[in-house]
Amino acid sequence: MTVTPVISSADEAAAILRSGGIVGLPTETVYGLAAVATDHEAVSRVFAAKGRPHDHPLIVHVSSLEMASRFGLLNDAARLLAAAFWPGPLTLLLERTPLAGDDITGGRDTVAVRMPRHPAALRVIELCGEGVVAPSANRFGHVSPTTAAHVTDDLDGLIDAVLDGGKCDVGVESTIVDCTGALQVLRPGAITVADIESCAGRPVAVTSGPSRAPGMLASHYAPAAKVHLVSSEGDAARLAADLSRAGRENVVIGVGLGITEYAATLYEMMRGADASGVSDIIAVDPSGPGLEAAVSDRLRKAAADTAR
Ligand code: TXA
Ligand code: MG
């Protein structure tokens, strides 16, 4: 039995947030751990519940452009991208306003803002009347949650409620685009580089590194099992046989799945593997410039962190 209540009413979730609580919130990408962005005490509880270092900045989730503009300066490029992809799995890095506190931004001069498209998330934010921070609702360094049960698996007893909005349909975190200078993708996601280039009408750089986005460390998205990346189904079968001969129970993921389904079930498969107690996960690395890049990025991080 869980201590943290799993609730189904967006109104109830918003009421808890408005009174200073922290709540697991469904979005179309992964579940977030929400707090009202201007409530410093609640924001500090989010860091504590996740075990997240305070210099890792958070994403402010909004339900309107006007709300976004309270936290960040929407320049022309940002407005163009917002018009094309919001609500949706795209986070814009903007110059911050004074309302975006050091606790949200990690003391940087930028703030990350996104308008999610999950109807329950939008409703909760609207009812709060203010931006809502929502880092992924997992313990720091662990695999992101894509169901309400995943949230309680990690954070039961540490948060005030989880709003159950079903399974997340995208399954990997939002694309992050730095709009403060030449456009740069800092984290690949379901909005692809090609999507952004065709909207902006110019080339977009891809730079994922800890210097720009501190949460982009290799120590992210990691299950307990060791993750092996292979490039084909045949290689997966051979490695599975080798590991089994060595007495290591293993599971193969990513075979026979389209990329949309691979992304949507990736974290569920990793969590399922840990729950079943296998020592090794063999993952077929999808290659391609679209959503494949996001799945590959998360797999590489999981493999790097479990390389032991
Ligand atoms: O899809 C998503 O974006 C999910 C859902 C819940 O919306 N949220 C999410 O949040 O993935 P989180 O905190 O797990 O990841 C946010 C990433 C971190 O890597 C952080 O470093 C980066 O965004 N970030 C946030 N603000 C930033 C800033 N001012 N400068 C650079 N990177 C920033
Ligand atoms: Mg995260």
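Side notes on the structure shown:
- Rounded to the nearest 20 debye, the dipole size of the chain about its Cα centre is 460 debye, using +1 on the Cβ of Lys and Arg and -1 on the Cβ of Asp and Glu.
- Residue of Gly101, Gly272, Gly21 that the Gaussian network model of the chain assigns the largest fluctuation, springs spanning Cα pairs under 10 Å: Gly272
- Rounded to whole Hz, the Karplus (6.51, -1.76, 1.60) HN-Hα couplings of region 66-74, x for glycine and proline: 4, 5, 4, 6, 5, 9, x, 7, 8
- Within the shell of other residues whose beta carbon sits under 13 angstrom from the beta carbon of Gly290, the net charge comes to -4, with Lys and Arg scored +1 and Asp and Glu -1.
- When only Cα pairs below 8 angstrom with a gap of at least 6 residues are kept, the chain shows a relative contact order of 21 percent.
- Under 5 Å from the amide H of Ile282 lie the amide H atoms of His228, Val251, Val252, Ile253, each residue being 5 or more positions distant or on a separate chain, with H modelled from the backbone and absent for Pro and chain starts.
- Nearest-ten-degree value, helix 76-85 long axis tilted from longest Cα axis of the chain: 60
- Directionally averaged projected area (convex hull, Cα atoms, region 255-308), nm²: 3.8
- Treating each Cα of the chain as one equal point scatterer and applying the Debye formula with no solvent, the log10 of I(q)/I(0) at q = 0.11, 0.13, 0.16 Å⁻¹ comes out as -0.63, -0.88, -1.30.
- Partners for Lys50 among aspartates and glutamates (Cα-Cα distance below 12 Å; same-chain residues under 8 apart left out): Asp154, Asp156
- Amide H contacts of His61 (H built 1.01 Å from N, in plane; Pro and chain starts excluded): Arg114, Val132, Val133, Ala134 sit under 5 Å, all sequence-distant by 5 or more or on other chains.
- Centroid-to-centroid separation of region 262-296 and region 33-72 [C-alpha atoms, Å]: 28
- Just checking the listed ones, Ile16, Ile104, Ile59: in the Gaussian network model of the chain with Cα springs under 10 Å, the one fluctuating most is Ile16.
- Across region 173-186, computed HN-Hα scalar couplings (Karplus, 6.51 cos²θ - 1.76 cosθ + 1.60, θ = phi - 60°) run 4, 4, 5, 10, 10, 7, 9, 7, x, 4, 5, 9, 8, 9 Hz from first to last residue, x flagging Gly and Pro.
- Helix 291-305 axis versus longest C-alpha principal axis of the chain: approximately 70°, rounded to the nearest ten.
- Degrees, to the nearest 10: 259-276 long Cα axis against longest axis of the chain: 70
- Amide hydrogen proximity for Val162: with H placed 1.01 Å from N in the peptide plane, the residues at 5 or more positions away or on another chain lying under 5 Å are Val6, Ile7, Gly24.
- Phi-based couplings in Hz for region 33-49 (Karplus 6.51, -1.76, 1.60; Gly and Pro marked x): 9, 8, 8, 5, 5, 9, 9, 4, 5, 5, 4, 5, 5, 4, 4, 5, 5
- Between Val143, Val284, Val111, the residue with the greatest mean-square fluctuation in the GNM of the chain (Cα pairs under 10 Å linked by springs) is Val284.
Rule-based calculations on the coordinates, nothing more; no lab input. No experiment lies behind these values; they were computed from the predicted model shown. Glycine gets a Cβ as well: all are built from the backbone with ideal geometry, and neighbour counts include every protein chain shown.
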